[in-house]
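To keep things clear, I will list the structure first and then write my remarks on it.
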Amino acid sequence: MLQSSSHRLRAMEPEDLDLLFQLENSTEEWWMGAQLAPLNKATLQRYINGDHDLYRDLQLRLIVETTEGVAVGAVDLYQLDPRNRRAGVGVAIAPGHRQAGHAKAGLQLLVDYATEHLGLHQLWAEIPAVNDPSLRLFEGAGFAKGGRFNDWIRHDQGWKDAIWVQRISTHHE
């Protein structure tokens, strides 16, 4: 479930430092998430080498890699709610690898892992309403629009709305 014919999800490794440095320090995209300041490589190296446990940390980051071994991005489960079996989902693909199907493949593998292995009932995401590619990505993976948050995300060009999407699993009822 962590591998398809073209991609795999795997744990972070020390060689992912440059990729994570690029993803976390892409200032033009900070407005879409919670990033407030750059992260240095030492901080990211400690994070990579850390003792991660989904049920203790309530989050998990996995690297999206092609079957040829090229790391192209990351997917996240966050705000895990074990009692209600739900989690938020995030996808980040490095700029040089976008629009090549990596986000779609990574998201599908994450959905399969979260529903089939972890038994999560619901996955959700908040997507800027102006981010049509991400909305299409999530809708293509079976997420449905559930609501709109007005003025939800602060942007240097003014407040932006967010669309809340969710995918409810029929597995493991």
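Tabulated data for the structure shown
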| read-out | value |
| --- | --- |
| Evaluation of residue 62 against (1) closer than 21 Å to residue 131 by Cβ; (2) in a strand (DSSP E or B); (3) open to solvent by less than 40 Å² (accessible area, probe 1.4 Å) (one fails), failing number | (1) |
| Failed condition for residue 120, given (1) of a type outside the set (Ser, Thr, Tyr); (2) open to solvent by 70 Å² or more (accessible area, probe 1.4 Å); (3) not in a strand (DSSP E or B) | (2) |
| Matching entry among 20, 110, 9 (being open to solvent by less than 20 Å² (accessible area, probe 1.4 Å), modelled with pLDDT under 90 and among the hydrophobic types (A, V, I, L, M, F, W, C)) | 20 |
| Within the range 38-59, considering residues that are assigned to a loop (DSSP other than H, G, I, E, B), open to solvent by 50 Å² or more (accessible area, probe 1.4 Å) and at pLDDT below 90, the one farthest from residue 162 (Cα to Cα) | 51 |
| Answer residue from the range 72-91, given it is open to solvent by 30 Å² or more (accessible area, probe 1.4 Å) and either of a type in the set (Gly, Ala, Ser) or touching a Ser or Thr at 6+ places or on another chain (Cβ under 9 Å) (or both) and is nearest to residue 164 (Cα to Cα) among those | 91 |
| Residues satisfying the stated conditions in the range 65-89, i.e. touching a strand residue (DSSP E or B) at 6+ places or on another chain (Cβ under 9 Å), part of a loop (DSSP other than H, G, I, E, B) and on the phi < 0 side of the Ramachandran plot | 67, 84 |
| Matching residues, the range 77-132, being under 15 Å from the mean Cα position of the chain (by Cα) and without any contact (Cβ under 8 Å) to a residue 12 or more places away in the chain | 98 |
| Any hit, the range 158-170, residues being open to solvent by 10 Å² or more (accessible area, probe 1.4 Å), of a type in the set (Ser, Thr, Tyr) and farther than 28 Å from residue 72 by Cα | yes |
| Unique residue being of a type in the set (Phe, Trp, Tyr), more than 12 Å from the chain's Cα centre (by Cα), surrounded by fewer than 18 Cβ atoms within 10 Å (Cβ to Cβ) and over 20 Å from residue 5 (Cα atoms) when the list is 143, 149 | 149 |
| Residue list for the range 153-173, filter: over 28 Å from residue 115 (Cα atoms), assigned to a strand (DSSP E or B) and out of contact with any helix residue (DSSP H, G or I) (no Cβ under 6 Å at 6 or more places or on another chain) | 153, 154, 158, 159, 160, 161 |
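The values are calculated or read from the model by the stated rules, or taken from the named source; none is laboratory data. All values reported here derive from a predicted model rather than from experimental measurement. FYI the Cβ positions are ideal-geometry reconstructions off the backbone, even for glycines, and counts take in every protein chain you see. The area values use the complete protein model at the heavy-atom level, side chains included, leaving out ligands, DNA and RNA. Shrake-Rupley method; radii C 1.70, N 1.55, O 1.52, S 1.80 Å.
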